[in-house]
Amino acid sequence: MAQRQVLLIEDEPHIAEAIRFILTRAGWTVSVLEDGARAMARIIGDPPDAIILDLMLPGRSGLEILADMRADAALRDLPVLMLSARGQGRDRDAATRAGATAFLAKPFANGDVLDQLEAITGGGAARREPA
Amino acid sequence: MPFNNLVAVCLTYVIVLFSVAFVAERRAQRRRLRFLRSPVIYTLSLSIYCTAWTFYGAVGYAARSGLEFLTIYLGPTLVFVGWWWVLRKLVRIGRTHRVTSIADLISSRYGKSNTLGVIVTLMSVAAATPYIALQLQSVTLSFGVFAAGTPEGWALPDQGATALWIAGGLAIFTILFGTRNLDANERHHGVVTAIALEAVVKLVALVAVGVFVVWGLGGGPMDMLSRIDASKIAEWDLNPGRFAGLTFVSAAAILTLPRMFQVLVVENVDERHLATASWAFPAYLMLMSLFVVPIAVMGLERMPEGANPDLFVLTLPLSEGQGKLALLAFLGGFSSATSMVIVAAIALATMVSNHIVTPLWLALRREGPRAQGDVRGLVLASRRVSIIAVLAMGYAYYRMSGGSEALAAIGLIAFVGAAQVLPALIGGIFWRGATHVGAAAGLVIGFALWAYTLFLPSVGDAGLIPQIVLDHGLFGFEWLRPHALFGIAGLDPLLHALFWSLLFNTLAFLVFSMLSFPGPMERLQGVAFVNIYDQSPAARSWVQGGAEAEDLLSMSQRILGAEPAQHFFQAQAAGQGKAGFLPDTTPDFLARLERKLAGSVGASTAHAMIAQLTGGTSVSMQDLIAVAGETAEAKEYTARLEAKSEELARVARALREANDKLQDLSVQKDSFLSQISHELRTPMTSIRAFSEILMEPDLPDSMRAQYAEIIHEEARRLTRLLDDLLDLSVLENRRAQLNVSVANLHDLINRAVQSASSTQPERAFRIERDFPTEHMPIFTDADRLVQVMINLISNARKYCDAEKAVLRIEVKRRGKRVQIDFIDNGAGIPKKSQKLIFEKFARLTDQSRAGSAGLGLAICREIMTNLGGTIDYVPGQGGAAFRISLPLRRRDQRAPSDQPPESAALSR
């Protein structure tokens, strides 16, 4: 079975590195994008199995990207896990309204990221096996 | 007297004049103006009316035509005594509308039409050129008298060379002291003071020669009277027509000669000086004319047959062995000639540069409103070149005409030429119905007739008009003979020209004015000029909106200079109750700005430049209705209403701004917490994630070290953020401990530049500084000041988006304060963001990777307030421009209450 692809759109390099580490170990192939402005082109050009999207991004905000995706028939059902560092209820609501499949506030427990991602992509089918 | 001595005396005198002008300029710079602004100086400066023509020529005139010379003094005397109110109106208009020359006045009155400005300028140059030639000739002739009279037999110097030297010297003087400022309404104190001194010299000289003639050569007044009786001057018959005509033309000249307008109106510092001048100037003229007849009589009596009576003032003392007296007389003549040429050159150069060169340049270079570059330099340069050109033309005319005519003839020709402006001028300030079509028609027709009947026939020995035309008229039409238009022959040529030119000029002016319909701008200006004494707020020529204040500032800086323009804008904004450099572009503000610019480049150019930015029509329908239906009562009522509504508008504006600010602040307070949350959680996320990873047992050592390093880095970032927040809070509450010490500002800037160089070090970045201006001791908290400067320089390094990034650091000392500008060449900060950048977390680019939380400028602002200074964004500088300003000596650090911590109170 081909490895599952996740696109991580996050502008903080250290956070991106941590998430890449966690997911790679669990068998995901992680590509990272730092800039919101180029996100849509990238998603359309090479659609991943899931997206992890930060809410505050340079160029375009995560909410705008999400809205664009949901307006696109091909991307309407792509699972999206939204991250936010502001962590208030308002952000969670806004993300849900915009069509996020799941929401996680920063800072997060490493296991939560993985669990949420598995949950939105089909429920624990490929739990990690010890290396 | 050896010729060398004469040259030496002459040079010494010139050096004295330069020194006087220099000292006066210095005093004016230090604002010690009391003496310079006295009515005596004003009156004396008016004496440029008495040129070499009057000084030497009046005696010659008297010798040839008897008492007719008196007309030259009578005309101005009548104006100053009887037409005082006309002068006052002119001066008031000139000051209110910041008029730069007579051409500017005419152009401004008739709807700011530059065509009229050009016509008057060309006429003035044409009329003044022979006059300047005449001055050069008189000085050259008087040199010649000394040279010829030397017993040692000095060869007569080449007269052309003498004239050339004089013209060159005058050009230098005029450029040095006449083009220091662009604003023609700023007085040329140096020039005016030197002229006042020259006025005294020429009066003393002429009176001294007169006293010598009456008491030294004659036997006192009684004896003199009988001699006059016996001379042929007594046989003179009054020609009433010529007498009245000459009196009239010299009365007109005092109003319309460009140089008289310059000293009378443009250089006037106080309207009340006219009151003194109204009796003092006629008195001066009377003294100047007192001894003319005695000198003429004595000259005719004693000098050999064929001696030039124009030079009696000089030759009479010389032939009687009074070398020193002759020298004084020479200096008097020299003064008369030079003062006239200097002022005429300034006046003409202003006209040429404002009405011809600048508009041409603006028309040729169609550039955007945000264009940079100094228009000032261009206008000043064109003014300097114009001065040289005017003098060169005078010199050329002198060489061409051969210097043979009697002095008086040229002077009168110029007077008649200048008088052609009279109908348009008087009509313009007393008759609202006068239109620019009428003015143009009158000017052109009058000028053409003057040229055809008087000026052209006078040029050179044979004249520029062929003899056949003189005898048989143009195209063989007898009625077109230059000296006998319509077959009316036998008239004195001067009188003939005066009569026909002014008659047709006035008729054309009246008829075309009545036939044509004035445009809106013309109506407004007409009312503003005719009713100059009414304080009505009418005659606003702009409607709201259109222009961006920032573009206007950018444009004004190029004309007024950066600092005066910023000052003006800041003051206007403060008047509207706004902070910063950008006032609302209300009609009032636009009118004020236009007037300010008009003082530098003339009304029509100023109007055109503002119109270019505001676009479209400038006069509103309401303004026109106000003009049409005005009655005194309605006007007064409107004035009161307007004053009230203006006051209300100002308060409302201030309230609106305060309210906006409060709302912004409340929104900001909400976002402040969520911002802090974000800024704290971001590093926390990395720390937590990697800590969890580190807890896992099977991690390779290399990764373990790398991840520990990340945790360490993010922890430091967190600390830095908390430090910044604490710092800001302390600064906002004015509880910051300041370590005031003395330092050299230059060293502090060095430190800041050095520290900031670690920001994006890979990027090519040039910093321009002017080291000599930076050296000054400053008593302040050096570390805090350096912190601010590091922040500004780092920002420029980070955000300046120019391909070749350049940051200019300019230091200017302002009395007890110092002002440091940081100006880069990037795109600058958009207007809507300019007010936000000093707020907390106001990051414009949303780029957290820039590595800061957006607290930098907020901290800078608080630091500057703590240092007793300010930090501002200065718009319109062609890039992002920050200005910090602070006292050179910070007062007691424990006196933090000199500025209420209002921003702190609001933002808590």
With the checklist (1) closer than 30 Å to B:LEU785 by Cβ; (2) within 14 Å of chain A (Cβ to nearest Cβ) in hand, flag the one item B:SER741 doesn't pass. (2)
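Could you list, in sequence order, the residues of the range B:812-841 that are among the polar types (S, T, N, Q) and either modelled with pLDDT of 80 or more or part of a strand (DSSP E or B) (or both)?
B:GLN819, B:ASN825
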Counting only residues that are within 19 Å of B:TYR110 (Cα to Cα) and not assigned by TED's automatic domain parsing to the domain that holds B:LYS835, give me the helices (runs of 4 or more DSSP H) lying completely in the range B:556-614 with at least 3 of them. B:587-601, B:603-614
Scan of the range A:2-38 for residues that are on the phi < 0 side of the Ramachandran plot, away from chain B (no Cβ under 14 Å) and of a type in the set (Gly, Ala, Ser), ordered by number: A:ALA2, A:SER31
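If we keep just the residues of the range B:684-722 that are outside any helix (DSSP H, G or I) and more than 11 Å from chain A (Cβ to nearest Cβ), which is modelled with the highest pLDDT?
Restricting to residues being outside any helix (DSSP H, G or I) and more than 11 Å from chain A (Cβ to nearest Cβ), the top hit is B:PRO700.
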When you scan the range A:39-55, do you find a residue that is over 14 Å from the mean Cα position of the chain (by Cα) and within 14 Å of another protein chain (Cβ to nearest Cβ), even just one? no
Could you say whether any residue in the range A:91-103 is within 14 Å of another protein chain (Cβ to nearest Cβ) and either hydroxyl-bearing (Ser, Thr, Tyr) or buried (at least 21 other Cβ atoms within 10 Å of the Cβ) (or both)? yes
With respect to B:ARG681, determine if the residue is more than 60 Å from the chain's Cα centre (by Cα), closer than 19 Å to A:GLY89 by Cα and either among the acidic types (Asp, Glu) or assigned by TED's automatic domain parsing to the domain that holds B:THR719 (or both). yes
Output the residue which, of all residues in the range B:792-811 that are touching a helix residue (DSSP H, G or I) at 6+ places or on another chain (Cβ under 7 Å) and surrounded by fewer than 21 Cβ atoms within 10 Å (Cβ to Cβ), is modelled with the highest pLDDT. B:VAL811
Just a yes or no: is a residue in the range B:262-276 assigned to a helix (DSSP H, G or I), in the same structural domain as B:TRP85 (by TED's automatic domain parsing), surrounded by fewer than 16 Cβ atoms within 10 Å (Cβ to Cβ) and touching a helix residue (DSSP H, G or I) at 6+ places or on another chain (Cβ under 6 Å)? yes
Looking for whichever is in contact with a Phe, Trp or Tyr (Cβ under 9 Å, 6 or more places away or on another chain) and more than 25 Å from B:LEU141 (Cβ to Cβ) here; the options are B:ALA296, B:ALA253, B:ALA277. Which one fits? B:ALA277
If I ask for residues that are in contact (Cβ under 8 Å) with a residue 24 or more places away in the chain, farther than 21 Å from B:ALA424 by Cβ and in a helix (DSSP H, G or I), which ones from the range B:236-257 would you list? B:GLY241, B:ARG242, B:PHE243, B:LEU246, B:THR247
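The values are calculated or read from the model by the stated rules, or taken from the named source; none is laboratory data. Given the structure is predicted, the values throughout are model-derived calculations rather than measurements. Glycine also receives a Cβ, built like all others from the backbone with ideal geometry; neighbour counts cover every protein chain displayed.
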